[in-house]
1. Would you please list the contacts, defined by Cβ atoms under 6 Å and residues six or more apart or on different chains, that run from a residue in the stretch B:97-119 that is of a type in the set (Val, Ile, Thr) to a residue that is part of a loop (DSSP other than H, G, I, E, B) and surrounded by 16 or more Cβ atoms within 10 Å (Cβ to Cβ)?
2. Looking at (1) within 18 Å of the chain's Cα centre (by Cα); (2) more than 7 Å from every other protein chain (Cβ to nearest Cβ); (3) modelled with pLDDT of 80 or more, find the lone condition where A:Thr129 falls short.
3. Within the stretch A:131-141, which residues are in contact with a Lys or Arg (Cβ under 7 Å, 6 or more places away or on another chain), open to solvent by 10 Å² or more (accessible area, probe 1.4 Å) and not in a strand (DSSP E or B)?
4. Restricting attention to the stretch A:17-42, and to residues there that are open to solvent by 70 Å² or more (accessible area, probe 1.4 Å) and modelled with pLDDT of 65 or more, which single residue is farthest from the other protein chains (Cβ to nearest Cβ)?
5. Which ones in the stretch A:144-166 are more than 8 Å from chain B (Cβ to nearest Cβ) and in a strand (DSSP E or B)?
6. So if I check each of B:Met70, B:Met95, B:Met112, B:Met81, which one is among the hydrophobic types (A, V, I, L, M, F, W, C), at negative phi and modelled with pLDDT under 85?
7. Restricting to the stretch B:104-119, what's the tally of residues that are part of a loop (DSSP other than H, G, I, E, B), over 18 Å from the mean Cα position of the chain (by Cα) and facing chain A (nearest Cβ under 8 Å)?
8. Looking at the stretch A:183-194, can you tell me whether even one residue there is touching a strand residue (DSSP E or B) at 6+ places or on another chain (Cβ under 8 Å) and modelled with pLDDT of 90 or more?
Amino acid sequence: MSPFTGAVPVNQMNSLPLLSTSDLAFGGTVSVIGGSINRYFSPAQTGINGQANNLNTADADLSGPGLGLSTVSNLLDVRGCNRFSALVAIKMPAADEDVTYSLNLRIAVPCQADLTSGIQPRFGTYGTTAWPLVAAFVIGVSSAGAFPAYKTGAQGWMVGGQYPAGTQTGTLGFIYLWFNFANTGVHKDAVMFASLYATS
Amino acid sequence: MSAALIPESQFDALPCISAAQYVAEAGDVEIVRGQITRYFSPEATGINAWAGNVGDPWLPGSWMCYSNRMNCLGCSRFTFMLCTKMREKSHDTSMTILVYARAWVAAEPGVMVAPDPKLWPSAWSQVGRFRLSISDPLHVDPILPPGDPNWPIWYKSGSASWDVGAIVPGTSTQGGLTGGMALRLRAANGAGVDKSGFNAELYGSLIAAS
């Protein structure tokens, strides 16, 4: 008799009604592999999807540092996941836009209160707990030979990990992603794509 | 005895994350008590008898190599094992090798953008560091000159582990990626391990687990 390993047949796992996709959030492409849940959010699902001038939207408050250009994702359902990788691609129409990009990635969650809908985090201002910093991207001048061209970056973080600056990172449940550029050399004609892997 | 190994064909048939876009190596996938593990042999990583003769254009005097793209879905803990095969005494140099991870990134529908070959902190996230010293001199036969066909084939090896989101030892950065990724090796001590002098073979393998 073969030893019992506790492995649930993958086909059976995938047929389980594990997570009901919220009407309010994008659930990503969900797969269950060996009891591990994986979600992939394409640029179409994050909403950071290369739309023209998508780098200067949703940022009404320009008073804070490094808020000249930013973009906010759709609400993403990452239930069951606690490790993440955010991937960005920035398409530069012209060579003079190929400067070093410094992006900060913050996340936030809608919170329940006495209103019927969740309290949305305020865009345009941030704090270490309102929009915890989870990752920073530094993408230098690329080696692109012709334009338009892309430059890309990827960063991983986990719930309860630590950003080098000392803050704890990550959250469970539903999140927004907020990318903002810490430097001012980014041209607004550049467009951005963001995708996300989440795993348990 | 059952090892709970999922046939590769069945694995690929699962509604995973559009692996077709990745055209990635999936490794040998095994699920033990609900935990997924993947093993990528040197053949799967592509760092397989790789001779360090490829210069790094972005760091003169040094060398680099890339792995294949690897499908690490479901995994967030990694151990990379590196082995060098020395065919002659002159290959037995001390070297520091840095390991970086990167992903192919989606852009417009159907477009996957390869990582830039330049090294930037977030373009290629450092996840590991190998320090391989000169072998034990007691085991070096001083009689045989470099290149002697009777020189025994020796190996040096090491391993490095990381978690997605953990701080990489010796750095101030979070390391690792979940999902699909590739690895890049780079000699850190370019002067001591230059591209013309390092002809030993490299073998890299990876274990990934949830």
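The values are calculated or read from the model by the stated rules, or taken from the named source; none is laboratory data. Bear in mind that the values here come from a model prediction, so they are computed numbers and not experimental data. Please note: Cβ atoms are built from the backbone with ideal geometry, for glycine as well, and neighbour counts cover all protein chains shown. Only protein heavy atoms, including side chains, enter the accessible area calculation; ligands, DNA and RNA are left aside. Shrake-Rupley method; radii C 1.70, N 1.55, O 1.52, S 1.80 Å.
1. B:Val113/B:Ala107
2. (3)
3. The one that is in contact with a Lys or Arg (Cβ under 7 Å, 6 or more places away or on another chain), open to solvent by 10 Å² or more (accessible area, probe 1.4 Å) and not in a strand (DSSP E or B): A:Pro132.
4. Checking each candidate, the answer is A:Leu24.
5. A:Ala149, the sole residue that qualifies.
6. B:Met95
7. Summing the residues that are part of a loop (DSSP other than H, G, I, E, B), over 18 Å from the mean Cα position of the chain (by Cα) and facing chain A (nearest Cβ under 8 Å) in the stretch B:104-119 gives 3.
8. The answer is yes; a qualifying residue exists.
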